[in-house]
Amino acid sequence: MAWKKILLEGDAAVLSDTAPVDVDKSAAAQGSATEAGRQDHKHDVAVATPGDIAENHTAAEGTSASLARADHEHGTPANYTPSGHKTSHENDGGDEISVAGLSGELADAQPAKAHAADHKSGGGDVINLDEFGDPIGTIEINQQQLDGVVLESAATAPDAASEVDGQIYYNTADKHAYVFVSA
């Protein structure tokens, strides 16, 4: 169990002037450099023209060290007729399609959405967190801004018996914020 100091401006490692390595199909690795990369650094990505689609070929990851662009196109034979495979994209199919991130209406009935606006600022039934009492679990903020938030302040770390991963406090002695990370 450890409290990790959150670095402030001026606390970070020296910036590197070395070009970053190229992106390839190698396994991810933590690395061992002691310098930090610049925010606007760029990696080179090797790309190649995709092969043609042929009848009766099975999908495979391939062995090329090059990556494909998202908008790449395959050529197809003039007499190519795709096989029927829509069931593989349906529920419990081998290649089920997720609708997350898609727009439009779904065929299945969906939960009602209409009353959410009533609970938002300016709605007829606004919900204020302070009306619920002390929270006993996670409060989902959904990437909304918290105004006027102050971290818990103390000269020493909070009680070791109550620490949880992600807990944050501000140390008034050394003027740094800390986050708790279990071993």
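The values are calculated or read from the model by the stated rules, or taken from the named source; none is laboratory data. Only a predicted model underlies this, so the values are computations on that prediction, with no experimental measurement involved. Positions of Cβ are generated from backbone atoms using ideal geometry, with glycine treated the same way; all protein chains shown enter the neighbour counts.
Residue-by-condition table, conditions (1) farther than 30 Å from residue 10 by Cα; (2) part of a loop (DSSP other than H, G, I, E, B); (3) not polar (S, T, N, Q):
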position: 75; (1), (2), (3): yes, yes, yes
position: 79; (1), (2), (3): yes, yes, no
position: 98; (1), (2), (3): yes, yes, no
position: 125; (1), (2), (3): yes, yes, yes
position: 145; (1), (2), (3): no, yes, no
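Residues of the stretch 149-164 being in a helix (DSSP H, G or I) and either at positive phi or under 29 Å from the mean Cα position of the chain (by Cα) (or both), which ones?
162
In this structure, is residue 82 modelled with pLDDT under 70, loosely packed, with under 11 Cβ neighbours inside 10 Å, of a type outside the set (Ser, Thr, Tyr) and over 21 Å from residue 24 (Cα atoms)?
yes
Does the stretch 12-23 contain any residue that is in contact with a Leu (Cβ under 8 Å, 6 or more places away or on another chain) and either not polar (S, T, N, Q) or not in a loop (DSSP other than H, G, I, E, B) (or both)?
Looking through the stretch 12-23, at least one residue is in contact with a Leu (Cβ under 8 Å, 6 or more places away or on another chain) and either not polar (S, T, N, Q) or not in a loop (DSSP other than H, G, I, E, B) (or both).
Suppose the filter is closer than 30 Å to residue 162 by Cα, surrounded by 10 or more Cβ atoms within 10 Å (Cβ to Cβ) and either in contact with an Asp or Glu (Cβ under 7 Å, 6 or more places away or on another chain) or at pLDDT 75 or above (or both); does residue 120 pass it?
Judged against the criteria, residue 120 is not a match.
Yes or no: residue 65 at pLDDT below 75 and either closer than 30 Å to residue 163 by Cα or not in a loop (DSSP other than H, G, I, E, B) (or both)?
No, not satisfied.
Considering every residue within the stretch 167-177, establish whether at least one is closer than 21 Å to residue 8 by Cα, more than 26 Å from the chain's Cα centre (by Cα) and among the hydrophobic types (A, V, I, L, M, F, W, C).
Looking for residues that are closer than 21 Å to residue 8 by Cα, more than 26 Å from the chain's Cα centre (by Cα) and among the hydrophobic types (A, V, I, L, M, F, W, C), one finds at least one in the stretch 167-177, hence yes.
Looking at 44, 24, 40, 52, which is the one that is touching an Asp or Glu at 6+ places or on another chain (Cβ under 6 Å) and over 30 Å from residue 165 (Cα atoms)?
It is 44.
Among residues belonging to the stretch 8-38 that are modelled with pLDDT under 80 and polar (S, T, N, Q), point out the one that is nearest to residue 67 (Cα to Cα).
Applying the filter and picking the extreme gives 26.
What single numbered condition from (1) over 30 Å from the mean Cα position of the chain (by Cα); (2) closer than 30 Å to residue 2 by Cα fails to hold for residue 135?
Every condition holds for residue 135 apart from (1).
Here is a check on your reading of the model: is residue 173 part of a strand (DSSP E or B) and either within 19 Å of residue 6 (Cβ to Cβ) or modelled with pLDDT under 90 (or both)?
For residue 173, the condition - part of a strand (DSSP E or B) and either within 19 Å of residue 6 (Cβ to Cβ) or modelled with pLDDT under 90 (or both) - is not met.
Give the residues of the stretch 37-73 that are loosely packed, with under 11 Cβ neighbours inside 10 Å, within 24 Å of residue 84 (Cβ to Cβ) and among the small types (Gly, Ala, Ser), sorted by residue number.
If the condition is that a residue be loosely packed, with under 11 Cβ neighbours inside 10 Å, within 24 Å of residue 84 (Cβ to Cβ) and among the small types (Gly, Ala, Ser), then 59, 60 are the ones that fit.
Have a look at 92, 165 and point out the one that is touching a strand residue (DSSP E or B) at 6+ places or on another chain (Cβ under 7 Å), of a type in the set (Asp, Glu) and loosely packed, with under 10 Cβ neighbours inside 10 Å.
165
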